[in-house]
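Enquirer: My questions all concern the structure below.
The values are calculated or read from the model by the stated rules, or taken from the named source; none is laboratory data. Keep in mind it's a predicted model, so treat the numbers as computed, not measured. Cβ: placed from backbone, ideal geometry, glycine included. Neighbour counts: every protein chain shown. To get the accessible areas, we keep the full protein, side chains included, count just its heavy atoms, and leave off ligands, DNA and RNA. Shrake-Rupley method; radii C 1.70, N 1.55, O 1.52, S 1.80 Å.
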Amino acid sequence: RYTLYIENIPMPQREIDFIPHTPSVLKQIFTRRGITPNKRFGQNFLIDQNILLCIPEIADLKEDDVVLEIGTGTGGLTRLLAARSRHVFTIEVDKKLFELSSDILKLYNNVTPINADILETKHELNPHITSLILNWLREHDQTHIKVVSNLPYNISTPVVINLLENDLPISEMVLMLQKEITERMTALPGTREYGILS
């Protein structure tokens, strides 16, 4: 049994109250819930706690920041983002992972979990998600949003391009990406990796 502690207050001993951050714990949870990681969704689970803790630090989150996270997974990063920001919109396409993370994230009243694909097509973000976020920003007098995410590998390129071309008022993006994607982003003209991301 693992207990999730918020401000050192132990929560009830239920299945959802653990911190799923080690391979063995994830395997137990996934087996119990009938979850099988899906290559089609480019799923990769961040289990290094040092990296998890670094991401909100790098994003320099403030208590009035609104965050968009793409790929909720087990909610490990989401919880850290929620603890440091005004609101988090977190997107998870996998129904079973969405149910697991939603159970865990019920402890936070500043998280909006969304079970949907962030992409409508390869060339467009899901308009329902962008409308939901834009409406929330307007209603709460919020001028910007930060994207902080361990992006699913198979959609990294179209998501980054569409985020840059979309109407969301993004002030900053802190993304965990595959090495190959970052090499393409930083490639110099004339090199093999140089392309649209560069």
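Enquirer: Calculate I(q)/I(0) for region 61-198 by the Debye formula, one identical point scatterer on each C-alpha and no solvent, and give its log10 at q = 0.13, 0.16 Å⁻¹ to two decimals.
Expert: Treating every Cα as an identical point scatterer, log10 I(q)/I(0) equals -0.56, -0.82.
Enquirer: Restricted to Cα positions, what overall size does region 124-167 have along the principal axes? Three whole-Å values, descending.
Expert: 33, 19, 15
Enquirer: At a 1.4 Å probe radius, which order do Y108, Y194 fall into by accessible area, largest first?
Expert: Y194, Y108
Enquirer: Roughly how big is region 46-198's charge dipole about its Cα centre, with Cβ charges of +1 (Lys, Arg) and -1 (Asp, Glu), in debye to the nearest 20?
Expert: The calculation lands at about 200 debye.
Enquirer: On to the next question. Mind giving me the nanometre distance, one decimal, between the label points for H128 and T112, set 7 Å out from Cα along Cα→Cβ?
Expert: Calculated label separation equals 1.4 nm.
Enquirer: About the Cα centre of region 116-198, what is the dipole size in debye to 20, counting +1 per Lys and Arg Cβ and -1 per Asp and Glu Cβ, all else neutral?
Expert: Charge dipole of region 116-198: 260 debye, to the nearest 20.
Enquirer: Could you tally the net charge around G76, taking each other residue with its Cβ under 13 Å from the Cβ of G76, Lys/Arg +1 and Asp/Glu -1?
Expert: Neighbour charge sum, excluding G76 itself: -2.
Enquirer: Shifting gears a bit: Hey, with R₀ at 30 Å, roughly what FRET efficiency would F45 and T191 work out to, going by the Cβ-Cβ distance, to 0.05?
Expert: Efficiency, from the Cβ-Cβ distance: 0.40.
Enquirer: Right, something else. As a test question: what accessible area, to the nearest 10 Å², does E120 have when a 1.4 Å probe is rolled over all protein chains in place?
Expert: 100
Enquirer: Could you give me the ³J(HN,Hα) list for region 134-144, computed from phi with Karplus coefficients 6.51, -1.76, 1.60 and θ = phi - 60°, whole Hz, x at Gly and Pro?
Expert: 4, 5, 4, 4, 5, 5, 10, 6, 9, 8, 8
Enquirer: Further question on the same structure: At a 1.4 Å probe radius, which order do T112, T121, T74 fall into by accessible area, largest first?
Expert: The ordering from most to least exposed comes out as T121, T112, T74.
Enquirer: So how exposed is I118, as accessible area in Å² (1.4 Å probe, rounded to 10)?
Expert: Its accessible surface works out to 10 Å², give or take rounding.
Enquirer: Express in nm, to one decimal, how much length is gained between Q178 and R138 on full extension, taking 0.36 nm for each residue of separation and deducting their alpha carbon distance.
Expert: Separation in residues times 0.36 nm, less the Cα-Cα distance, equals 11.0 nm.
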